[in-house]
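A short write-up of the structure that comes next.
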Amino acid sequence: LAKTTQPISMDSYEGQEVNITCSHNNIATNDYITWYQQFPSQGPRFIIQGYKTKVTNEVASLFIPADRKSSTLSLPRVSLSDTAVYYCLVFKGSGGYQKVTFGIGTKLQVIP
Amino acid sequence: EAGVTQFPSHSVIEKGQTVTLRCDPISGHDNLYWYRRVMGKEIKFLLHFVKESKQDESGMPNNRFLAERTGGTYSTLKVQPAELEDSGVYFCASSLNSGLSTDTQYFGPGTRLTVL
């Protein structure tokens with residue numbers, strides 16, 4: 001499994017755009033990058049997944065450069081409810097079974 | 001559509017007792033996973049079922065832990081006898097096994113186990 005590295009914590013004011021970068025230097029050709037969000041006392045929640053370039057959904061955008069050794073989760077105009085831990089994960093692109101390894105994640109604190 | 005559910009949400013037991021955690025995956029999901037987070041540590045993989053078969057038990061800490069998924073629907077995780085270090089939050093997740101390049105894992109809310 002590709003190891004990921006991301007900042008332990010970040011602070012942001014409400015209304016700002018937040019970018020969380022994750023490095024995954026030993027990502028394999030068939031691996032996908034996936035981000036989860038976790039609120040206290042809840043299970044991790046899927047946010048977004050991508051392979052290359054840019055992916056956008058109603059929650060976030062994911063930017064992946066050509067070498068795929070890093071990725072950036074972008075949260076537009078964060079609110080207090082976006083305060084959570086964000087995990088960057090690398091999934092093997094072989095389908096079916098995915099043995100997920102969670103790191104410490106990035107604890108995002110949104111400030112009023 | 002109902003998400004992954006887990007029961008109970010909290011359990012407090014004494015050392016040496018037995019506890020059984022239950023997970024109901026999303027209907028139609030063949031893959032079911034158990035994870036655990038102990039205090040201050042990362043979420044760690046415990047095991048993976050495909051339908052009723054155990055695919056990977058490499059994360060199970062020891063033989064005091066027994067997971068079952070009879071009939072390929074819900075799963076139980078039994079800890080017998082429980083030890084203090086078993087305290088933590090136990091998460092269950094499920095995924096479709098659609099054959100696509102990746103299947104998203106959907107997590108339940110977790111069961112917080114406290115062993116006194």
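Values in this text are rule-based calculations from the coordinates and carry no lab data. A quick note: this is a predicted structure, and the numbers were derived from the prediction, not measured. Counting neighbours? That spans all protein chains shown, and the Cβs are built from the backbone with ideal geometry, glycine included.
What distance in nm separates the simple spin-label points at residue A:21 and residue A:74, each placed 7 Å from Cα in the Cβ direction?
1.4 nm
Show which aspartates and glutamates lie in cross-link reach of residue B:51 when reach means a straight Cα distance below 14 angstrom and same-chain residues fewer than eight apart are skipped.
Within the straight-line cut-off, residue B:51 pairs with B:24, B:30, B:68.
Dividing the convex hull volume of the Cα atoms of chain B by its residue count, what figure in Å³ per residue is obtained?
Working: hull volume 11.4 nm³, N = 116.
For chain B, the hull spanned by Cα atoms encloses 99 Å³ per residue.
Over all directions, the average projected area of the alpha-carbon convex hull for the protein assembly as shown comes to how many nm²? Provide the component values of the computation, followed by the final result.
Working: hull surface 49.8 nm².
Over every viewing direction, the Cα hull of the protein assembly as shown projects on average to 12.5 nm².
Average projected area of the Cα convex hull of chain A, in nm²? Walk me through the numbers before you get to the answer.
On the way: hull surface 26.8 nm².
Dividing the Cα hull surface by four gives the mean projection, 6.7 nm².
Excluding residues fewer than 8 places away in the same chain, name every one of the aspartates and glutamates whose C-alpha is closer than 14 Å to that of residue A:52.
A:31, A:67
Using a Gaussian network for chain A with springs between C-alpha atoms less than 10 Å apart, which of these wobbles most: A:53, A:72, A:21?
Result for chain A, Cα springs under 10 Å: A:53 fluctuates most.
Work out the FRET efficiency for residue B:57 and residue A:11 from their Cβ-Cβ distance, taking R0 = 35 Å, and round it to the nearest 0.05.
Working: r = 40 Å, r/R0 = 1.15.
Between residue B:57 and residue A:11 the formula returns 0.30.
Want the number for residue B:2 to residue B:80: 0.36 nm per residue separation, take away the alpha-carbon distance, what's left?
On the way: separation 78, 0.36 × 78 = 28.08 nm, distance 3.01 nm.
Difference between extended and current length: 25.1 nm.
What size of dipole, in debye to the nearest 20, comes out for the protein assembly as shown about its Cα centre when the only charges are +1 on Lys and Arg C-beta atoms and -1 on Asp and Glu C-beta atoms? Don't skip to the end; give the middle numbers.
Working: 22 positive and 20 negative charges, 71 e Å.
The dipole of the protein assembly as shown has a size of about 340 debye.
For residue B:44, list the lysines whose Cα falls under 26 Å from its own Cα; do not include residues on the same chain fewer than 8 positions away.
A:3, A:69, A:92, A:99, A:107, B:15, B:54, B:78
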